[in-house]
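S.K.: This is the structure I want to talk about, given as C-alpha cells.
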Amino acid sequence: MDKLLIRGGRQLQGEVYISGAKNAALPELCACLLTAEPVILSNLPRLQDVNTMLKLIRNMGVDVQHQAGAGRDGRVTVNAGSLTTPEAPYELVKTMRASVLALGPLLARFGHARVSLPGGCAIGSRPVDQHIKGLTAMGAEIVVEHGYMIAKLPQGWTRLKGARIATDMVTVTGTENFLMAACLAEGETILENAAQEPEIPDLAEMLIKMGAKIEGHGTSRIRIQGVEKLKGCEHQVVADRIETGTFLCAVAATGGDVLLRHGRVEHLEAVVEKLREAGATVTEVADGIHVQSQGRLKAQSFRTTEYPGFPTDMQAQFMALNSISHGTAKVTETIFENRFMHVNEMVRLGANIQIDGKVALVEGVEKLSGATVMATDLRASASLVIAGLVAEGETLIDRIYHLDRGYDQMETKLRGLGADIERVK
Ligand code: UD1
C-alpha cells in the first residue's frame, strides 16, 4: 500500500494548476447516461473516483474513449448509445457512494434500474432515503431487495412524471439525481430545498447544452420542464473548489506565496473570508487566486453548513491550519455525524484538540512534530498532508488510497511548489 513521506518545514512558492472538480465530474459522467448521443467532457480530474465511475458506466455497456493528447486536460467521449445493462453492482458502489447518481438518469431513460445500496462510510451513516423519496414522488416504484434498489416505472408508463420534491434536508447528490431524472420526465418538476453547491449549476449548464429546460439552478428552488429526448454536447468540468481550498490552507499553514491557476474565489467565499481573518492575504487575480502568508496565523472558529456556508469538505484542512495558529478555535461539524477522525491523528503530531460531540476545540500550538499517522477518509488525508507539511521532521501517512480517490496528483503538485514530499511503496 502506498504511503506519503513528508519532511516538513518548507514554505510553498510558485504556481499550481487546479483540476476539474471531482464532485462535478461524477454527476456529469452520470448525466451522459441520459442520451444515446456522444458527450465530450473535458477538464476531467485524474483521480480514483473518476476511474471508478468510468468503470461503472463501462460495465453498463457504455463506450468511453479517452481523447488523444489529453495531457492534463483529461478529455473523454462518452457514448451511452450502446448501454445494455442499467445496473450498478455492489463491488463498484461500495468503494464510491456517488454511484447512487446513476439511479436517476438510468430510470429516466430506460424506465428501470438496479443500483446497489452504498452501505456505511467512515464519516457517518449517509442514508439514501431522500433519493428514494424524490424519485418515488416522480412515480418510480422502488423496492430494496438483497442490498439493491430496484426501480421501475408503473405498468403502462413510458416516462417519469414531473413532481414537486421537497427533501427533509439539503442533499447535494439527491438534488443532482432529481435534476437529471426530471430532464426526461413528463411535465414540470420543482425542487424545493435544493442544494446550491457550484457543482449543481455546473451540471445544470451541461444538461441545458444537452437540450434540458432548467431554471433556478444555483438557488434553493429549481424548475425543470421535462423533454422527450436529450442530445450530445461538449462540457468543461468546473474547477475544484475543495482542491483550491486545500491548497489555500496548505500555503496559509506553511507560509509562502502561491498562484492557484483556475481557482475561483466566488466558489469559496466562506473559506477565503476565514483565511483573511486568520491573517493570510488572498487576492482574486485573472484566472486564479493569489495567496501569501507569513508566520503563525490567528485560529478561526467556524461551523460547517450547506453552500454558501463553510463546506464540511474543508473542515479537516482548516483544522490543520488552526492547530498551529495562535489562540483557540471552536469548530462545529453540522453535516456529518462522525467527521473528526483526523483529530486523533493530528494529536499524534502534537496538536491540542478536544472533541465534545459535534464540536472540536482547537488550542493552537507553536509547532507540530512528525510521526506516523493513518488517513481515514478523503478530506482527513488532505488535512494530515497539511499537518505533515508544517510538522518538524518526518511524517509518514499511511492508507493514502483515500487521498488518491479525490485529489489529482497532490504530491506532484506540492513538490512543484517546493514541498519535500514523496510517495513510498
Ligand atoms: C456530497 C459530496 C460530499 C460532501 C457532501 C456535503 C458529492 C459526490 N459528494 O455528498 O463530498 O461532503 O455533499 O457537502 O458531491 N442525507 C440523508 N438522506 C439522504 C441523503 C442525505 O439523510 O437520502 C443526509 C446525509 O447523511 C448528510 C446530509 O444529508 O448528513 C447531507 O448529505 P448530502 O448532501 O446528500 O451528501 P452527498 O450528496 O452524499
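The values are calculated or read from the model by the stated rules, or taken from the named source; none is laboratory data. Just so we're clear, the structure is a prediction, and the values are computed from it rather than from any experiment. Cβ placement follows ideal geometry from the backbone for every residue including glycine, while neighbour counts extend to all protein chains displayed. For the accessible areas, the whole protein counts, side chains as well, though only heavy atoms, and no ligand, DNA or RNA atoms are used. Shrake-Rupley method; radii C 1.70, N 1.55, O 1.52, S 1.80 Å.
S.K.: Could you please state how large a percent of the accessible area of the chain is carbon and sulfur, counting protein chains only and using a 1.4 Å probe?
M.R.: Answer for the chain: carbon and sulfur cover 47 percent of the accessible area.
S.K.: Which whole-angstrom value gives the distance between the alpha carbon centres of the range 204-231 and the range 301-370?
M.R.: So the two Cα centres are separated by 38 Å.
S.K.: Further question: Ranked from the most accessible area to the least, with a 1.4 Å probe and all protein chains present, what is the order of 42, 301?
M.R.: 301, 42
S.K.: When a/c reaches 1.5 or more, the comparison of a/b and b/c decides; with that in mind, is the range 131-199 rounded, prolate or oblate per its Cα gyration tensor?
M.R.: Here the range 131-199 falls in the oblate category.
S.K.: Residue 158 to residue 301: extension gain in nm, 0.36 nm per residue of separation minus the Cα-Cα distance? Intermediate values should be presented prior to the final figure.
M.R.: On the way: separation 143, 0.36 × 143 = 51.48 nm, distance 5.17 nm.
Length difference between fully extended and current span is 46.3 nm.
S.K.: To the nearest Å, what is the center-to-center distance of the range 395-425 and the range 48-119, using C-alpha atoms only?
M.R.: 27
S.K.: If I model a spin label as a point 7 Å beyond the Cα along the Cα-Cβ vector, how far apart are those points for residue 166 and residue 363 in nm?
M.R.: 4.7
S.K.: Still on this structure, please answer the following. Mind checking the dipole of the chain: about its Cα centre, +1 per Lys or Arg Cβ, -1 per Asp or Glu Cβ, Debye to the nearest 20?
M.R.: Its charge dipole is roughly 380 debye.
S.K.: Moving on to the next point. Over the chain, with a Gaussian network built from C-alpha contacts below 10 Å, which listed residue (155, 65, 48) shows the highest mean-square fluctuation?
M.R.: 155
S.K.: Can you give me the long-range amide H partners of residue 368? Hydrogens built in the peptide plane at 1.01 Å from N, cutoff under 5 Å, separation of 5 or more residues or another chain.
M.R.: Those lying under 5 Å, H to H, from residue 368 are 392.
S.K.: Run the count for the range 209-316, please: Lys pairs, Cα-Cα under 15 angstrom, 8 or more apart or on different chains.
M.R.: Count of close lysine pairs: 5.
S.K.: Considering only protein heavy atoms, what per residue accessible area in square angstrom results for the chain with a 1.4 angstrom probe?
M.R.: Solvent-accessible surface per residue comes out at 38 Å².
S.K.: Calculated from DSSP H runs of 4 or more alone, at -39500 (n - 2.57) each and per residue, what is the 222 nm mean residue ellipticity of the chain, nearest 500?
M.R.: Taking each H run of at least 4 residues, the total per residue is -9000 deg cm²/dmol.
S.K.: Now, a different point. From a point 7 Å beyond the Cα of residue 281 in the direction of its Cβ, which residues of the range 244-262 have a backbone N at a distance under 12 Å?
M.R.: Within reach of a label on residue 281: 256-258.
S.K.: Another one. Along the charge dipole of the chain, Cβ charges K/R +1 and D/E -1, which of 249, 210, 304 sits furthest on the positive end?
M.R.: About the Cα centre, the residue reaching furthest to the positive side is 210.
S.K.: Does the range 118-242 classify as rounded, prolate or oblate by the C-alpha gyration tensor (a ≥ b ≥ c root eigenvalues; a/c under 1.5 gives rounded; else a/b over b/c gives prolate, otherwise oblate)?
M.R.: The shape class here is oblate.
S.K.: Can you give me the orientation-averaged projected area of the convex hull built on the Cα atoms of the chain, in nm²?
M.R.: About 18.7 nm², averaged over all directions.
S.K.: Moving to a separate point now. Quick one: ranking 372, 175 by accessible area, 1.4 Å probe, largest first, what do you get?
M.R.: Result of the area sort, largest leading: 372, 175.
S.K.: May I ask which residue of 280, 139, 290 lies farthest towards the positive end of the charge dipole of the chain, with charges of +1 (Lys, Arg) and -1 (Asp, Glu) on Cβ and the Cα centre as origin?
M.R.: Selected residue: 139.
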